[in-house]
Structures are given as structure tokens and as C-alpha cells.
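*Asks:* What follows is a single structure, and I will ask about it in a moment.
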Amino acid sequence: MDLLITNARYAVTSNGSDEILENISIGIKDGKIAYIGTDKPGATKSYDASGKLIAPGFINSHTHLGMSLLRGWAEGVNLQGFLERVWAAEGAIMDEATCELGTELGALEALLSGTTTTMDMYLNPAATHRGAVRVGLRHIAGPIFFDFPGLDGLQWEQRIERAHQWKAVLAEIGGPYIPTYLMPHSTYTDSLENLTQVAAIAKELGARVHLHVSETEAENEDVQTRHGKTPTEVCRDTGILDVPRYRNIRCANNLWPWSSFK
């Protein structure tokens, strides 16, 4: 063994019965768990976990790690007010270099708190992925889609091109395995036509989809006024909810879900 963790008071498993093991040793070899039991096989290094609990890493299913650089910028406001202030700040300072730097910082903070996997929707995903992989985080990212150029300055055709290149980008950067995701921002920043195109590309590439749905009451009212539908109905009618293997769609910040289902 490369590493043997001994005397753990508890080990929380993720097996079929969610067992909690007691007074256990765990052996690591070539970066993988190779032994779980009460014996103490030889190892190059050892760690005494007496009185400690060992558990699988936490998973943050929606985050914007690069925004660690903007912490404290919008306090004491509701989500709509937060978005308005932060988007203005992002436009001022967030380019590829700062996105990578902010994500590297956010990834380190995540690891220190026990989070080993994140679903990170942010600008310049190739740059953010490099920063996160550099420090060892399992970082699920993907191309971002807006109808308009947005803070990254990309036209729609460029976003589509990057979606088709994304698997190659992931292979080049390396790091822990992650599933392929496409990330249209929301039903209020992506048109029905464009969401339909993203759903089609996801099916073509065998990718999954992650987007914001029903974040605020203002969003629900805006989408209802423009399309005569709730955000959830928009996802249904554009094919987003039909992406295979499901449902391989992740909806984030559902703070107003009930009005979205009316």
C-alpha cells in the first residue's frame, strides 16, 4: 500500500446499504482504495485516524467558483439585486486569467472544506477547468450559452463551435474524469430557438445539460410574459428535458419552483 489510514472511528460508505463501518483501516494504492478492513497491511506511509470519521467527498451540484474574487461585493440584497451588482463587477474584471485564478482559489477552498466534486457554471470554462484541475478538484464544467455576446464576448456561432470542441478540450487539460456537460445560462437569457439547438447538440454529443431555472420571481414573470410559459415549461417544450439517460439535466437555484409549475 502507498498509504494506510488506520483506527478510523467511523467510515461512511456509499454501498447499496449505506453501511457505516467502525474501527476500520483503509489502504490506498495508485490513487485508489485497495483495502478496507480491520487488519493493518504494510504501507509506505500511514495516518492514524483515531477518533475521526472518513466519508466520501462532498459534491457541490451548482457553483460559480471564479466568483470567489467577488466575495462581499453584493451583501444585504435579494438575488435579483445580487445579480445586477455582480454582473456589473464581472464585466469590469473577469477575463480568462481572472476566471482561472478565481476558480483555482475557489477549488482550493472547496477541497479544504471536504468538497471534492463541483458542478461549476462560469465564463471561460477551459480556463476555469485548468485552474481547478491544477489543484486536484473533480471539476464539472462546460460551454456557456447566451443569446448575446455576454461578458466573454462570444457570438452564438462561436458558442456552438466550442460545444463541439469541448470533449477535445477536456482531453487536453486532463484531470479526474468528468461527464460532458453543456450549460445554457437560463430560460431568460437563451431564446426558445437556441435552447432547442442546445438540446439537439447535447443529444448528438451524448452530453448532459445544466442551467438555471426559476431563480427569481422576476425571472418567472419575465419568461411568462415573453413566452406565455413558465421556465419549466420552456425546458420541456425546447427538448431540454428530453436529453437522454436522465434525465441528464441539472436545474440550479430553483428558488421559485412552484410558480414555475403552475
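What follows is calculated from the coordinates using simple rules that are stated; it is not laboratory data. Everything numeric here is computed off the predicted structure, so don't read it as measured data. No Cβ is skipped: glycine too gets one built from the backbone with ideal geometry, and neighbour counts run over all protein chains shown.
*Asks:* Compute the long axis of helix 125-134 from its Cα atoms, compare it with the longest principal axis of the Cα atoms of the chain, and write down the angle in degrees, 0 to 90, nearest 10.
*Replies:* For helix 125-134, the angle is close to 10 degrees.
*Asks:* Among L53, L108, which comes first, second and so on when ranked by fewest other beta-carbon atoms within 10 Å?
*Replies:* Listed from fewest to most nearby Cβ atoms, that is L53, L108.
*Asks:* Is the C-alpha gyration tensor of region 3-54 telling us rounded, prolate or oblate? Criteria: a/c under 1.5 is rounded; beyond that, a/b larger than b/c is prolate, otherwise oblate. Please report the intermediate quantities before stating the final value.
*Replies:* Details: a/c = 2.13, a/b = 1.34, b/c = 1.58.
It is oblate, given that a/c is not under 1.5 and a/b is not larger than b/c.
*Asks:* Counting only DSSP beta bridges with both residues in the chain, tell me the antiparallel percent, nearest 5.
*Replies:* Of those bridges, close to 35 percent are antiparallel.
*Asks:* Sorting S68, S113, S17 on the 10 Å Cβ count, fewest up front, what's the list? Before the final figure, lay out the partial values.
*Replies:* Details: S68 18, S113 9, S17 6.
The fewest-first ordering by Cβ neighbours comes to S17, S113, S68.
*Asks:* Could you give me D for the chain, from Stokes-Einstein at 37 °C and 0.692 mPa s, where the hydrodynamic radius is the Kirkwood radius over C-alpha pairs? Units µm² s⁻¹, please.
*Replies:* So the translational diffusion coefficient is about 161 µm²/s.
*Asks:* So which chymotrypsin sites (Phe, Trp or Tyr not before Pro) in region 6-108 end up in coil per DSSP with only 13 or fewer other C-beta atoms within 10 Å?
*Replies:* Values: sites: Y10, Y35, Y47, F58, W73, F82, W87; in loops: W73.
Passing both the DSSP loop test and the Cβ count: W73.
*Asks:* Can you work out the Karplus-derived ³J(HN,Hα) for every residue in region 174-189? Use 6.51 cos²θ - 1.76 cosθ + 1.60 with θ = phi - 60°, whole Hz, and x for glycine or proline.
*Replies:* Whole-Hz 3J(HN,Hα) from phi for region 174-189: x, x, x, 4, 9, x, 7, 10, 10, 10, x, 5, 5, 7, 9, 10.
*Asks:* Separate question: May I ask you to sort V223, V169, V234 by Cβ crowding, counting other Cβ atoms within 10 Å and putting the fewest first?
*Replies:* Ranking V223, V169, V234 by Cβ neighbours within 10 Å, fewest first, gives V169, V223, V234.
*Asks:* Connecting C-alpha atoms closer than 10 Å in a GNM of the chain, tell me which of G72, G27, G206 has the biggest fluctuation.
*Replies:* G27
*Asks:* How tilted is helix 156-173 with respect to the longest principal axis of the chain? Cα atoms for both, answer in degrees (0 to 90, nearest 10).
*Replies:* 10 degrees
*Asks:* Order of 211-218, 37-44, 192-199 by packing, highest average Cβ count within 10 Å first?
*Replies:* Ranking, from highest mean packing down: 211-218, 192-199, 37-44.
*Asks:* Among T13, T128, T103, determine the one that fluctuates most according to a GNM of the chain built with springs between C-alpha atoms less than 10 Å apart.
*Replies:* Among T13, T128, T103, the largest GNM mean-square fluctuation belongs to T13.
*Asks:* Here's another thing I want to ask about it. If the elastic network links every pair of Cα atoms under 10 Å, which of E204, E84, E19 fluctuates the most in the Gaussian network model of the chain?
*Replies:* Looking only at E204, E84, E19, the biggest GNM fluctuation is shown by E19.
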